[in-house]
Amino acid sequence: MLKKFLSGVIFGSGFAVAALSLYTAWMFYVIPPLVIQNFDSEMTITEASSIENNKYPNTPNFHELSVDEMIEKATVILTVRYEPGEDGNYKSVVEDILKQEDGVDLYYGVGEVYEENTHDKMSDDFTPKKAVVFMQGNPASMRYSTAYSGERIRGLGGISLDLLKEKCSKT
């Protein structure tokens, strides 16, 4: 019985080695030429981006930029306040537009609802107050936001709201 078991193990091992050999040959010798052939052929990529999108590009890793770089690269900067919604959660309402570059379409105005159900009401202990929203592109779309209470915005290194407004007015 042990002899039959060892015979089965040897057969299974041989089968596994053969299968891995075929897989390795396939992955290293058959697939790469097919991939290279597809990339070497001339491909035309068409998208809706034009001069307009190149004028207002989206910045990768926007959240990693310094405050000054965020202000410079954002096409729109909003402040929103959180208000209780109909369903008991919170909605955000545009409170102020700190920056809007000329020619950039913004689909929100002061006093309009920016987003319904922004935050779920978890408890009465945490009540969000306000947030700063950085937008890029044309039309403007959200790239980064951070909530704050009072006059300091901790998500932006503790900058005061007044200083943020001042920096926005200079760009």
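All of the numbers you see were taken from the coordinates with simple rules; none came from a lab. Bear in mind the structure is a predicted one, so any value in this text is a computation, not a measurement. Cβ atoms come from the backbone with ideal geometry, glycine included; neighbour counts cover every protein chain shown.
Taking the average, over residues, of other Cβ atoms within 10 Å as the packing measure, peptides 56-69, 89-102 rank 89-102, 56-69 from highest down. Of the peptides 138-145, 158-165, the order by per-residue mean of other Cβ atoms within 10 Å, starting with the highest, comes out as 138-145, 158-165. Between residue 81 and residue 116, the simple spin-label model (points 7 angstrom out along Cα→Cβ) gives 2.2 nm. Note on residue 141 and residue 17: the model spin-label points, each 7 Å out from Cα along the C-beta direction, lie 5.4 nm apart. The label point for residue 171 and the one for residue 149, both projected 7 Å from the Cα toward the Cβ, are 2.8 nm apart.
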